[in-house]
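The values are calculated or read from the model by the stated rules, or taken from the named source; none is laboratory data. Remember, it's a predicted structure, so these values are computed and weren't measured experimentally. Neighbour counts are summed over all protein chains in view; Cβ atoms, including those assigned to glycine, are modelled from backbone coordinates with ideal geometry.
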Amino acid sequence: MTTNRVFLLEKRPDPDITDETLRLEERPVPEPADGEVLVRNTWLSLDPTNRSWMNAQATYLPPIPLGHVMRGITAGRVVASRFEGLEEGALVSGMGGFADYAALPGKSLTRIPDGVDPRAALSVLGHIGLTAYFGLLDVGRPKEGDTVLVSAAAGATGSLVGQIAKLHGCRVVGTAGSDEKCAWLTDELGFDAAINYRKTPDLTRAVREACPKRVDVFFDNVGGAILDAALASLAMRGRVVVCGGISQYNAKKVAGPSNYLALVVARGRMEGFVVLDYLPRANEALAALVPWLQRGELKSRYHVVEGLENAASALQLLFEGGNQGKLLVAIES
């Protein structure tokens, strides 16, 4: 390939992502500068945080300027190197963006070990696995016998959170948006119960019934109604881990929890976190995640969309609940 297809942030969502948000453009393949490598991206991770990076306001990273390549985490192969630590042919992961090729600082990339599926490097052994591991164990601090409730439990992060909680002797309940997803949670991943929120007229009652001993740890990826329902069943000294709020990302005005005073009654704690803060401790998580994965104690599935040209439309699946597992774009197989 002699050209580089890139998606540019053309227009900020207001509030939804539309066909005008991202624009596909062809550019020359970049040349790596000193200290950089040229990566041929093969896999692109689609994540809810992609939406927050489109906003004009800074989050935990600066906003993407209009007209710039859309930010995204990728796996790929080094095709040219001007960085001593990475040779041509090395498999790497990093912030390669919505693009065929990216010239990136070598020190910003993570080498993918031989034999590791690049898809796993973007999920259970990458930012997703670190998010699940540290969010649950470092922020949520579950104890054996605790009840752990997970929202968006059939998603890439939530499914790992529930399985890690089971490995630590917890009772685990997940919420998901279809009967098929709920069956996957209980039948294949070992969750103790699952709630189809689309078929549940009273989430507060459903959570109370599924968690008769109340909720010791709520790992929240959704916000909104499920957050209020979890707070209503929070156990004494319960912990709410705020990982994300996908139900609110496209809202013009974010709805805060109306039931937050339950934290006072339960003497509870509600804490947000960003996985970037835990990158210096990545090896600590991998020391547990790799053996669990090798022994089959952690399972994941991938929802693959073929072709970079479909990345912008595929992103919508995250907000429609249309993906089944970790959402990835196969740029080049």
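Annotations
- Residues (in contact (Cβ under 8 Å) with a residue 60 or more places away in the chain, in a loop (DSSP other than H, G, I, E, B) and not aromatic (Phe, Trp, Tyr)) located in segment 240-269: CYS243, GLY244, ILE246, ASN250, ALA251, LYS252
- Only one of the listed residues (LEU327, LEU308, LEU263, LEU286) is under 28 Å from THR204 (Cβ atoms), modelled with pLDDT of 95 or more and surrounded by 14 or more Cβ atoms within 10 Å (Cβ to Cβ). That residue is LEU263.
- Selection within segment 131-162 - within 10 Å of the chain's Cα centre (by Cα) and of a type in the set (A, V, I, L, M): ALA132, ALA156
- Residue ID - nearest to LYS252 (Cα to Cα), chosen from residues in segment 1-31 that are polar (S, T, N, Q) and in a strand (DSSP E or B): ASN4
- Taking segment 119-188 and the helices (runs of 4 or more DSSP H) fully enclosed by it, the elements with 3 or more residues that are aliphatic (A, V, I, L, M) are at 127-134, 156-167.
- Among the residues of segment 109-132, those identified as farther than 27 Å from VAL242 by Cα and surrounded by fewer than 23 Cβ atoms within 10 Å (Cβ to Cβ) are ARG111, ILE112, PRO113, ASP114, GLY115, VAL116, ASP117, PRO118.
- Within segment 93-104, residues that are in contact (Cβ under 8 Å) with a residue 40 or more places away in the chain reach partners that are surrounded by fewer than 22 Cβ atoms within 10 Å (Cβ to Cβ) and among the hydroxyl-bearing types (Ser, Thr, Tyr) with beta carbons closer than 9 Å, at six or more positions or on different chains, in the pairs GLY94/SER108; GLY94/THR110; ASP100/THR3.
- A single member of LEU137, LEU122 is of a type outside the set (Lys, Arg) and either in contact (Cβ under 8 Å) with a residue 60 or more places away in the chain or not assigned by TED's automatic domain parsing to the domain that holds VAL241 (or both), and it is LEU122.
- Any hit, segment 42-60, residues being farther than 23 Å from GLY244 by Cα and surrounded by fewer than 16 Cβ atoms within 10 Å (Cβ to Cβ): no
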